[in-house]
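Structure first, then comments.
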Amino acid sequence: MWKGYAGKILEVDLSSGAIEGVDLDPYVAEKYIGGKGFGIHTLYHRLPRGCDPLSPENMLVFATGPLTGSAAPASGRMELCTKSPATGLWLDSNAGGSLGPELKYAGYDALVISGASQTPVLLLIEDDQVSLVPAEDYWGRDTLETHKKIKEAYSSDHRLACIGQAGELLSPLASVQTEYRSFGRGGAGAVMGSKKLKAVVVHGSGGIKTADKEEFSRMVRESLNELANAPDTGAAKPEFGTNVILSLMDYTGIHPTMNFHRSTLDTKPIDEHDVRRFYEKNRACFSCTIRCSKIARVEEGPFTGAFTEGPEYETVWSFGAQCGNTDVASIIEAEHLCDAYGLDGISVGNVVGFLMDCFDRGLLTVNDTGGLELRWGNGEAMVAAVKLIGRRDGPGEAWSRGVKYLEQTIPGAHGLGAQVKGLELPAYDPRASKGMALAYATSDRGGCHLRSWPIGEEIMNMANPLGLHTIEFKPEVVKNQQDLFCLVNSSGLCLFAAFTLSLEQISPLFASLTGIASFSDAENLLLAGERINNLVRLFNLREGLTAEDDRLPERFSTEPLPDGPCQGETVDTGAMLQTYYKLRGWTPGGLPTREQLEKLDILFES
Amino acid sequence: MFTIKKSNCTYCRLCMLACTAAHEPGVQSVKPSRIHIEDDWPDIAAIQVCIACKDHPCIQECPEDALSWQGHVVLDKDTCTLCNACIPACPVGGVRVHPETGYPLICDTCSGRFSCVQACPTGAIARR
């Protein structure tokens, strides 16, 4: 009898229509935890090498963790894993909201989708009643309409993840939207679109059993107290949301502006107070006291009526500083459009900033942009560009292929892109933060800040800050955080909770909920994170990744930051990378050694 | 019984988790909760829970006299026939249904401990 886990995986083949509930393997639960771990264990063993991400061969794994749906704080999260159409490599995306808990209450730890339907379908899961429902009525609709219509047709307590027009049109920038939150990065929406799967709709009526209810309740109370009393989770994020770090990133010179050519703007940059003026109320993910989510609404000016659940720090950067734009209202509208079309706000904003860079250099003119004056800071043109990208309309068709494609196709633009492995970079300049440079270079899904976030150790660790510009201990921090974040993204917990809670506080939650004794050992849980990381590495190597890909665009080593607190800085990740490989037990060519894989129990099972 | 401030509610559902845990120790779920948050993103449509109204229409409507007032509404499971007449009788949607047993679920104040109130991080639900 499973505790913490539901104990079943739902397998759905969209080609044949076969639907089957399969027992969860106790070995996989103990070694791979859930979430990202379940995703990589499934895809590593079952995805054919070199498969086209948009072919029926690719699979989608929606996976919860053992803590998902429990009273553990900030435990409403789930992972979506697949092979990315943006990078051709591993992709996992994490989202909060409500879908993960609902899937657990319906009796499943994970949902594995393979094949492709001929016609648009919904996958409807109501406990053990699972069916494929024609979805022609929903196809072509944006994600907000789709949510509304599906909830009208079923109930407000049915939870869903769906794609918008961008996913239907197979854009590699397409997200999957779930209860107004996003599995944003890497193009999972296009994979859903290629399978003609408009939405996954879930309603469950059960619950999760607890192994040691007294101990679990005690640890939940302790962690709630910790979150309430910590400055970040108890005050800063409830008040300002993720935007709380805006002025700190500006003050330290980390916040890139104008397609990473500068770190300042000629006008006052947007800070957290500027964004907060638009907040109407707080929203929280399931079981979360942090309530970092905000509803923002525009009440005057050309974007009157625009609203979004956000805008998040990353989109305030991507549609703000990255585009030389300081008009918060236009950012809210752009984020709203991304959510509606089902687009990744980080990548789309990065693309628009890149286009403005090209426009500024005369590499693009109004003849190439459908008439849009894509000048730095032109918020209205930016919003219009997002619409073209969402509909893949006119020049938006090429734009929706991402920065890597555009720098190869726009004459003279080669080398101007800010992307790693084909995924556009987020809101931290790798020349300013040397830790972030290594984090980007070694991230398993390309340019990403959520595989590790060494900035915390560089400038926010008050006891012993490492500093931004040294390279000492950065490989250690990146490696350890990657293992920890892998574990957290396999658990159902939110990273924001894990920034405050220690692993020694988290591991008793795992153990008392599931009754799995080995989970009480924090080191053992971290080892599971390392195991997951290494299996993802094997997956990526199998798909053709080499050490040559673990690098930043050349411009960051040759183009010094011209302004701000980090003026003159460049970055070379070479030395840090070799130390990192060594710490990982990998060869100088970035290959896991047999010895390392044996230590992690990976070879024995394959 | 409660003071409800809907605009404070973030839809975290910690109240529903706490309610379930209080009545079914060891079960992690929101489904058998006696308090329900009706979502209408980006707003909260309603926080539905027994408000101990004066007339007790749920008690009046019960054809079997299975419900009685003893400081809160009490259900006699042996008498209840699962007819569900109490559910539409409640003007605030404060009668829920247990998804597995089918019995009506009505707030019993957790013997005065008000688990939902203790769990709410924003004061959306408080004791009157």
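The values are calculated or read from the model by the stated rules, or taken from the named source; none is laboratory data. Quantities reported herein were computed from a predicted structural model and do not represent experimental measurements. Virtual Cβ from ideal backbone geometry, glycine too; neighbours counted across all protein chains shown.
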Practice problem: Give the residues of segment A:78-100 that are under 23 Å from A:C288 (Cα atoms) and touching a Ser or Thr at 6+ places or on another chain (Cβ under 6 Å), sorted by residue number. | Solution: A:M78, A:L80, A:A95, A:G97, A:L99, A:G100
Exercise. Check A:R221, A:R297, A:R276 and return the single one that is without any contact (Cβ under 8 Å) to a residue 40 or more places away in the chain and farther than 29 Å from A:Q177 by Cβ.
Key: A:R221
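If you scan segment A:244-294, which residues turn out to be among the hydrophobic types (A, V, I, L, M, F, W, C), buried (at least 19 other Cβ atoms within 10 Å of the Cβ) and outside any loop (DSSP other than H, G, I, E, B)?
Listed by number, the residues that qualify are A:V244, A:I245, A:L246, A:M249, A:V275.
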Quiz item: Has segment B:10-29 got any residue that is more than 14 Å from chain A (Cβ to nearest Cβ), over 12 Å from the mean Cα position of the chain (by Cα) and at positive phi?
Solution: no
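Could you look through segment A:331-374, keep only residues that are among the polar types (S, T, N, Q) and farther than 19 Å from A:M192 by Cβ, and pick out the one that is surrounded by the fewest Cβ atoms within 10 Å (Cβ to Cβ)?
Going through the qualifying residues, I end up with A:N367.
Return yes when A:L501 is among the hydrophobic types (A, V, I, L, M, F, W, C) and under 30 Å from A:L246 (Cβ atoms) and no when it is not.
Yes.
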Exercise. State whether the residues of segment A:544-563 include one that is closer than 14 Å to A:A437 by Cβ, of a type in the set (K, R) and surrounded by fewer than 21 Cβ atoms within 10 Å (Cβ to Cβ).
Key: yes
Exercise. At least 3 residues that are within 14 Å of another protein chain (Cβ to nearest Cβ) in each: list the strands (runs of 3 or more DSSP E) lying fully within segment B:32-93 that qualify.
Key: B:36-40, B:43-48
Self-check item: Total residues in segment B:102-122, condition buried (at least 21 other Cβ atoms within 10 Å of the Cβ), more than 15 Å from B:P32 (Cα to Cα) and within 14 Å of chain A (Cβ to nearest Cβ)
Solution: 3
Practice problem: Give segment A:384-404 a look and list any residue that's among the hydrophobic types (A, V, I, L, M, F, W, C) and either surrounded by fewer than 22 Cβ atoms within 10 Å (Cβ to Cβ) or free of Cβ contacts under 8 Å to residues at least 12 places away in the same chain (or both), or say none. | Solution: A:A384, A:L388, A:A398
Practice problem: Evaluate the following for B:P99: is it within 12 Å of chain A (Cβ to nearest Cβ), at pLDDT 95 or above, surrounded by fewer than 21 Cβ atoms within 10 Å (Cβ to Cβ) and assigned to a loop (DSSP other than H, G, I, E, B)? | Solution: yes
Self-check item: Any hit, segment A:101-123, residues being within 19 Å of A:G184 (Cα to Cα), at pLDDT 95 or above and of a type in the set (D, E)
Solution: no
Quiz item: Any residue in segment A:313-330 that is within 13 Å of chain B (Cβ to nearest Cβ) and either surrounded by fewer than 23 Cβ atoms within 10 Å (Cβ to Cβ) or of a type in the set (A, V, I, L, M, F, W, C) (or both)?
Solution: no
Practice problem: Among the residues of segment A:183-225, write down those that are within 14 Å of another protein chain (Cβ to nearest Cβ) and within 22 Å of A:S156 (Cα to Cα). | Solution: A:V202, A:H203, A:G204, A:S205, A:G206, A:G207, A:I208
Self-check item: Checking A:T308 against (1) within 14 Å of chain B (Cβ to nearest Cβ); (2) touching a residue at least 40 places away in the same chain (Cβ under 8 Å); (3) not in a loop (DSSP other than H, G, I, E, B), the condition it does not meet
Solution: (2)
Quiz item: Looking only at segment A:130-146, which residues are crowded, with 21+ Cβ neighbours inside 10 Å and within 14 Å of another protein chain (Cβ to nearest Cβ)?
Solution: A:T143, A:T146
Self-check item: Condition check for A:E335: within 14 Å of chain B (Cβ to nearest Cβ) and within 18 Å of A:P426 (Cβ to Cβ)
Solution: yes
Quiz prompt | Hits in segment A:1-27 - residues which are more than 30 Å from A:Q118 (Cβ to Cβ) and crowded, with 18+ Cβ neighbours inside 10 Å | solution = A:W2, A:K3, A:G4, A:Y5, A:A6, A:G7, A:L24
Quiz item: What number of residues in segment A:201-227 are over 28 Å from A:Y108 (Cβ atoms) and of a type in the set (D, E)?
Solution: 2
Quiz item: Quick one: how many residues across segment A:437-471 are polar (S, T, N, Q) and without any contact (Cβ under 8 Å) to a residue 12 or more places away in the chain?
Solution: 2
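For every residue, the table says whether it meets (1) of a type in the set (A, V, I, L, M, F, W, C); (2) at pLDDT below 95; (3) in contact with a helix residue (DSSP H, G or I) (Cβ under 7 Å, 6 or more places away or on another chain); (4) within 22 Å of B:C116 (Cα to Cα).
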{"position": "B:S29", "(1), (2), (3), (4)": "no, no, yes, yes"}
{"position": "B:I35", "(1), (2), (3), (4)": "yes, no, yes, yes"}
{"position": "B:E64", "(1), (2), (3), (4)": "no, no, no, no"}
{"position": "B:Q70", "(1), (2), (3), (4)": "no, no, no, yes"}
